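Structure record follows, encoded as structure tokens.
Please treat every number below as a calculation from the coordinates, not as lab data. Please read these numbers as outputs of a predicted model, since none were measured by experiment. Here the Cβ positions follow ideal geometry from the backbone for every residue, glycine too, while neighbour counts run over all protein chains shown.
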Amino acid sequence: MDFSIDAKLRDRLEVERAWGRERVRPAGLEADRQGSPLAQDHPYFQDFVARGEGRTRWHGPGSKGEVPPPGVVVRALLVSEELAYWDRGVIVASPGPGLPEPNVLALGTEEQKERFLGPFVALDRPRWACFAMTEPSAGSDAAAICTTARKDGDHWILNGAKCFIGNASRADWILVQATLDPSKGRDAQRSFFVEKGTPGLGGFKIEKKMGLKAYESTSFSLVDCRVPASNLLGGEARYERRAGFKTAMRTFNAGRPVIAANAVGIGRAALDEALAFARNADRLGDPRIRDRIEALARRLRMARLCCLRAGWLADHGKPNIVEASMSKALGATVAEEATSLGMELLGAVGARGDHLIEKLYRDAKAMDIVEGTGQIQRVIMARQLVKLPRS
Amino acid sequence: MIDLDPGDDLELLRQTARSFALEELVPRLRDAEADRAVSASVRAAFAQIGLAGLELPESLGGAELGPLARAFVNEELGAGDAGAALALDPLGPALYPLLELGGEPALVEYGLPLLEEEGARAVLVCDDDASLEVVGDRLSGWVPWVPADRPDLVVVLTRDGALVLREGFESEVLRGAGLRAAGASALRFDAVPVAAQWRDTAAAARARGRARLYAASLLLGVLRHGAEFSRDYAQQRVAFGRPIAHHQGLAFLITDMHMAVEGARLLIHEAAWRAESAHPFEDAAASAWVETVSASVLVGPACVQILGGHGFMQDYPMEKAMREARALGLWLGGADAAREDAGRALCAGPPPVALSAGGIL
């Protein structure tokens, strides 16, 4: 058993800490003040790309992506936590092949990898891709999506509406989840590449949010949107093996610990700010304050360990369904507790609306919503722990 | 780099302790409670599997294993019968002040004689708020509860040191709220002679940290058993046409209990790993203890609640789990002292708060 991190990761975290302090947090505060996402041509994105970020792990025909170093998930979780400490919204806004990349690497045809990941090999400019699952009437219950796909010759025709999709309006392509028959549930679901500018893809509306303003959460519609048959992720043959819905849920399963790590990062930031404020206000002599700060630090540590456990299991190819959901449920809750305590310590200062803790308080709420609410995480865990039926 | 695999040795130890608990402790837990002791056959079985000298130095015939091994073993024994686990460990956490402050000579002088006398027990008293009075080489005061009938040795751990009492104290045997297999008594000290005394604040803090991990891992076992037993029951018991575990109110309670147990275990293991790796661990141990006690406040009553009326009856072990969990959480100064220790340490330095020590998580 070992709870230490190696020198390489320690160094990486130091680098990210400096980048976070100097670039990420200022960009996040700027977006929060202006009340809208960072523009596509924002210098932050240019510098992000110049830093070597935003590239794909795919390296050309025959490549399945870089061979992940040992412990890649655990490393990624800790880096993600550190960056979210500085601003989780800016992290989500950052260019790159993003959420759909693992699915494309794992399931895409060679032609699809070249066509859709190729532009992310050597970036000529900031580029985005995104994954569209959520719909107005299907959030955590991803099996209930209504966007339809109908085969028409050598094309697919998509109809439906998606919402709260990160970076959708600026994405080169969107991996859209749709169903061949809504009455058939998960088995009828498929993923389609829909490229920017495709006729029928439109109605982009960037939502006004309570927090995490640096990235766009966008609604859009698909109206008789025709995409080539070759845009079906993995090709027709793959779906004859009934892997449609599981393809999408694979992304979610890997995503929950990342969200949890982000939540821990936000919680840590709130704890540090709260502690600094309490010290300056000479309130740390009060045992009631100390007790509550101790409770938060303890629960943040526990939430981090839960994330790392979920990540460690993933690194070792072991099932992590319960652990991933547990980390998500716990991390999000603790982040809310941390930011709420921070607000309480600020007192009336928190109500002014210009303190970082107030921003973190708004930001943290989303962590208990995205990728399945805390209640949904308990449903997922209960299915494993007590065989809770799906219906 | 992070590796949560316990490895073959710890896994073997865990399986050994688990088998012993299931085969020897669980079938006799009501007998042990009624007898306020474990039977000779159980003692013999325990001696046979070699867990008795788990943390004793090799030079004194022990296995000299560390805090992680103790955490793994205590969880399993606690899941079987926490009171019996205490009864089977003559020194219990009193070992730590002897080792950390007095070293091997103290262990030879005060500890080893207890190992040779069947049923002999030492108890640890954490006098965190200095309520006991030492005048010269005499100690006076009162301790309302220790989990032993008429202990043979009392080790008092203070903020700045430890002292040993061998004789002259009065024990008043109590019914005990829980852990009755270990016994229960109140101790009265009326100018009792101090047999040995050491002063070393850092060593006292280490001893306190290890004692908290000892108690936390035992309590964790109680909680795990309560959570798993009640979960199994909830999948069998049918109400309103389906297993009660499939009513969402209970399903969510069961997941919360699972999370509480798993989270506490991670904190205990991390703190134990720190202790074993010679990193600062005292604050992490305090936090792990507080979190485990907090978990017990949820899990203890909830495991009775899930069984409903059956939970309240002694035909099932859940009422025992609830009592034992609450009693264990009051041991060694309880959670409040630990919370204060961790809180003070946390607030002593400037942000950023290190959820980890330098170079480690």
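For GluC sites (Glu not before Pro), the sites in region A:64-134 that DSSP calls loop and that have at most 16 other Cβ atoms within 10 Å are A:E66.
The base-10 log of I(q)/I(0) for region B:202-348, evaluated at q = 0.16 Å⁻¹, reads -0.79 [Debye formula, identical scatterers on Cα atoms, solvent excluded]. Give the separation of the Cα centroids, region A:125-192 to region B:160-199, in Å. Cα centres, region A:125-192 to region B:160-199: 69 Å. Measuring from centroid to centroid over Cα atoms, what is the spacing of region B:19-50 and region A:23-102 in Å? The two parts, judged by their Cα centres, are 57 Å apart. What percent does the relative contact order of chain B come to when contacts are Cα pairs within less than 8 Å and at least six residues apart? The value is 16 percent.
Residue by residue through A:286-298, how many Cβ atoms from other chains fall within 10 Å of the Cβ on average?
On the way: counts 1, 6, 1, 2, 9, 6, 1, 5, 14, 7, 2, 10, 15.
Whole-number average of other-chain Cβ neighbours for A:286-298 is 6.
Within the shell defined by Cβ-Cβ distances under 11 Å, the residues around B:P280 carry a net charge of 0, with Lys and Arg each +1 and Asp and Glu each -1.
Which residues among region B:57-85 fall inside the zone where the amide N is under 19 Å from a point 7 Å beyond the Cα of B:D315, along Cα→Cβ? Counting backbone N atoms under 19 Å from the label point, the list is empty. Cβ-Cβ distance of A:S137 and A:K365, R₀ of 30 Å, FRET efficiency by 1/(1 + (r/R0)^6): the value works out to about 0.90. Helical content alone sets the calculated 222 nm signal of the protein assembly as shown at -16000 deg cm²/dmol, taking -39,500 (n - 2.57) per DSSP H segment of four or more residues and averaging over every residue. Cα centroid separation, region B:265-302 to region B:102-137: 24 Å. Straight-distance candidates among the lysines for linking to A:K151, with alpha-carbon spacing under 23 Å and chain neighbours fewer than 8 residues away dropped: A:K113, A:K162, A:K184, A:K196, A:K246.
Using a cutoff of 8 angstrom between alpha carbon atoms and counting only pairs six or more residues apart, the relative contact order for region A:17-167 works out to 24 percent.
If you average the sequence gap of Cα pairs under 8 Å that are 6 or more apart and divide by the length of region B:1-89, what percent do you get for the contact order?
On the way: 77 pairs, mean separation 34.6, N = 89.
Relative contact order, region B:1-89: 39 percent.
Within 10 Å of the Cβ of each residue in A:6-18, the mean number of Cβ atoms contributed by other protein chains is 1.
Could you put A:C130, A:C306, A:C146 in order, starting from the residue whose Cβ has the fewest other Cβ atoms within 10 Å?
Numbers: A:C130 23, A:C306 27, A:C146 14.
If I rank by nearby Cβ atoms, fewest first, I get A:C146, A:C130, A:C306.
For the protein assembly as shown, what is the percent of antiparallel DSSP beta bridges, rounded to the nearest 5? Display every interim value, and only then the final one.
Details: 52 of 64 bridges.
Just about 80 percent of them are antiparallel.
Per residue of B:245-255, what is the mean number of Cβ atoms on other protein chains within 10 angstrom of that residue's Cβ?
On the way: counts 5, 5, 1, 5, 0, 3, 9, 7, 2, 6, 15.
Going residue by residue through B:245-255 and averaging, the value is 5.
Springs between Cα atoms under 10 Å define the GNM used for chain A, and in it the highest mean-square fluctuation of A:A237, A:A324, A:A93 occurs at A:A237.
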